[in-house]
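Engineer: Sharing a structure, written as structure tokens. Questions coming.
Every number in this text was worked out from the coordinates using simple rules, so none of it is lab data. None of these values were measured; they are calculated from a predicted model. Backbone-built Cβ (ideal geometry, glycine too); neighbour counts: all protein chains shown.
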2 protein chains.
Amino acid sequence: MKIATWNVNSVRTRLEQIINWLTENYVDVLCLQETKVIDHDFPRIAFESLGYYPYISGQKSYNGVALISRQPLTDVNIGFGSILPDLASSWDEQKRVISGIFEGVRIVNLYVPNGSSIGSEKYEYKLSWLKILREYLQTLLLLNPDISLCGDFNIALEDIDINSQVKIANHIMASEQERQALKDVISLGFADAFRKFNSAGENYSWWDYRTAAFKRNLGWRIDHHYLTPSLYERAQSCIIDIEPRKLVQPSDHTPVIVEF
Amino acid sequence: MKIATWNVNSVRTRLEQIINWLTENYVDVLCLQETKVIDHDFPRIAFESLGYYPYISGQKSYNGVALISRQPLTDVNIGFGSILPDLASSWDEQKRVISGIFEGVRIVNLYVPNGSSIGSEKYEYKLSWLKILREYLQTLLLLNPDISLCGDFNIALEDIDINSQVKIANHIMASEQERQALKDVISLGFADAFRKFNSAGENYSWWDYRTAAFKRNLGWRIDHHYLTPSLYERAQSCIIDIEPRKLVQPSDHTPVIVEF
DNA sequence: GCCAGACTAG
DNA sequence: CTAGTCTGGC
């Protein structure tokens, strides 16, 4: 099974690139983040014409996630609330979570809040959001031990995941609190698929649009696949495809593909 | 002497097209309207690199005029107030007037208010503005009999200057009051350079972005060169260059060039 | 209806 | 730097 995660920074602006990529790169499920469009305006037909089944959760302007699947998914749920019914509904105002089962494996697709700057209101929201995420996954694990968790985490877990130009100390996406919050999540039983195959630095999935960061390879590895034990065992590869980042008018992120 | 007038609808958005046009079309002075940029952010160097001297009067978002000259201009003045010192300074809040002397000829570059719709507050402003303009030119004529007056007048003087699809009766840019106000201005001693050489209809300088107006040649001739008698006598040509309107992401106006 | 700039977010 | 929306002009 092949699963890709890609923050596309607007599914409508990037549609042609996404469709081209899908025709050249067979995957079972493509997990999109930052679709930036309400469900009514999501370009479903473009994906359906290719034989994919889209499952979407979007909003105006910001956030938005989608699962584009080769086969119909079962048990699709949107947001935290469907799994954590006692949760305040405000946690699902931002469309950041979608999930479904493909051939017995629960695919979870996330767009973790960016957090803006350390100590800000958005930073506190990010930390709280990650706590809810832990509860959400804990509950899902009770129902299914095989979870493939992916998305834009907006966190680089280790210093090696960040280009050396960055003053890491107290940088958003690299703070101790953020890393600990993410470690608390993966400690439920997940492992980073990319690091099964590659222990080297200078492997990034996101490059800031500013200051020609891509050309200078000043990136961050913040888009991840986390797998539960048996999936991790089965995993055959996890690669970052930097080609889409080279196109004109690219997303600032590039796809990461896991196969197990 | 060759003078061009061009409402560029943002000098920054159109910069490449303007520079290309200038390299392919030698003019002594290029008169720009709707530069839509404060003086600090005006792209002077692009013009200076081509050997031109820019004289500018701009504001944030709206209006803005500029003279781009092959030679340094003398006696440059901006707004009505420099010539009509008793005038309320509020008349120069909108940046619509710039003028300077090139080889003894005073070049006046205008962006006449559009007027929105007949009877509106903006319509009254347009009519009042044209009255001030008359005073302004009357004063300038005392100092120099040779004036080349051009710009976006937002008025079609005759029915022949308007495509036949338009219901002219009481249309903004074609009302009797607007036409009379402009006639009161040119009666100071100006004549329409374009009509010295061309009495035909279907010659337009502006086509609405909407409804594929350019493709169907549903335009208006609202960008003019008006010349005082001796310049009018000397005038050798006045042509509308529709080529820039054919480009991708064009201005809705196209240059009009007079030579005398 | 089509376009431009300001603003906000990343 | 690059999205989206909003506003305003024509």
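Engineer: Using the Cα centre of the protein assembly as shown as the reference point, and only Cβ charges (+1 on K/R, -1 on D/E), how large is the resulting charge dipole? Debye, rounded to the nearest 20.
Structural biologist: 240
Engineer: For the range B:183-193, what does the Karplus curve 6.51 cos²θ - 1.76 cosθ + 1.60, with θ = phi - 60°, yield as ³J(HN,Hα) per residue in whole Hz, taken in order and with x for Gly and Pro?
Structural biologist: Result, rounded to whole Hz: 4, 4, 6, 6, 5, 5, x, 9, 9, 6, 4.
Engineer: Can you give the helix-only mean residue ellipticity at 222 nm for the protein assembly as shown, where every DSSP H stretch with n ≥ 4 adds -39500 (n - 2.57) and the sum goes over all residues, rounded to the nearest 500 deg cm²/dmol?
Structural biologist: Helix contribution divided over all residues of the protein assembly as shown: -7000 deg cm²/dmol.
Engineer: How big is the dipole moment of chain B about its Cα centre under a simple scheme where the beta carbon of each Lys and Arg is +1, that of each Asp and Glu is -1, and everything else is neutral? Debye, nearest 20, please. Present the calculation step by step, with values, prior to reporting the outcome.
Structural biologist: On the way: 26 positive and 32 negative charges, 93 e Å.
Around 440 debye, computed over chain B.
Engineer: Follow-up question, since we're still on this one. Would you list which lysines come within 17 Å of A:Lys126, measuring only between C-alpha atoms, while excluding same-chain residues fewer than 8 positions from it?
Structural biologist: A:Lys95, A:Lys183
Engineer: Also, quick follow-up: Which FRET efficiency, nearest 0.05, do A:Thr211 and A:Gln59 yield, Cβ-Cβ r, R0 45 Å?
Structural biologist: 0.90
Engineer: Show me, for the range A:217-232, the HN-Hα J-couplings you get by feeding each phi into the Karplus relation (A = 6.51, B = -1.76, C = 1.60, θ = phi - 60°), rounded to Hz, glycine and proline as x.
Structural biologist: Computed from phi, the couplings for the range A:217-232 are 6, 9, x, 9, 9, 10, 9, 10, 10, 10, 10, 6, x, 6, 5, 4 Hz.
Engineer: Copy-to-copy spacing for A:Ile168, label 7 Å out on the Cα-to-C-beta vector, in nm, shortest first?
Structural biologist: Inter-copy label distances (nm, one decimal, shortest first): 7.5.
Engineer: Run the simple label-point estimate for A:Leu50 and A:Glu233 please: 7 Å along Cα→C-beta, distance reported in nm.
Structural biologist: 3.3
Engineer: If I stretch the segment between A:Asp75 and A:Ser164 completely, what's the gain in nm (0.36 nm per residue apart, minus their alpha carbon distance), one decimal?
Structural biologist: Gain in length upon complete extension: 27.8 nm.
Engineer: Another question, if that's okay. What fraction of the DSSP beta bridges in the range A:96-210 is antiparallel, stated in percent and rounded to the nearest 5?
Structural biologist: Roughly 50 percent of the DSSP beta bridges within the range A:96-210 come out antiparallel.
Engineer: Could you work out the relative contact order of the range B:1-152? I mean the mean sequence separation of Cα pairs under 8 Å and 6+ apart, divided by the number of residues, in percent.
Structural biologist: Values: 307 pairs, mean separation 30.9, N = 152.
Worked out over the range B:1-152, it gives 20 percent.
Engineer: Another question, if that's okay. Quick one: label points 7 angstrom along Cα→Cβ at B:Asp184, distances to the other copies in nm, smallest first?
Structural biologist: So the distances to the same position in the other copies read 7.5 nm.
Engineer: Put the label 7 Å from Cα along Cα→Cβ for B:Tyr125; what are its distances to the other copies, in nanometres, shortest first?
Structural biologist: Label-point separations across copies, in nm and ascending: 3.7.
Engineer: Here's a follow-up. So how far, in whole Å, is the C-alpha centre of the range B:153-228 from the one of the range A:202-244?
Structural biologist: 59
Engineer: Cut-off under 13 Å on the C-alpha distance; same-chain residues fewer than 8 positions from A:Lys131 excluded. Which aspartates and glutamates are left, in chain and number order?
Structural biologist: Answer for A:Lys131, where 13 Å is the Cα cut-off: A:Glu178, A:Asp184, listed by chain and number.
Engineer: Separate question: To check you understand DSSP bridge types, tell me what percent of the beta bridges within the range A:1-107 (both residues inside) are antiparallel, rounded to 5.
Structural biologist: Looking only at bridges with both residues in the range A:1-107, the antiparallel portion is about 75 percent.
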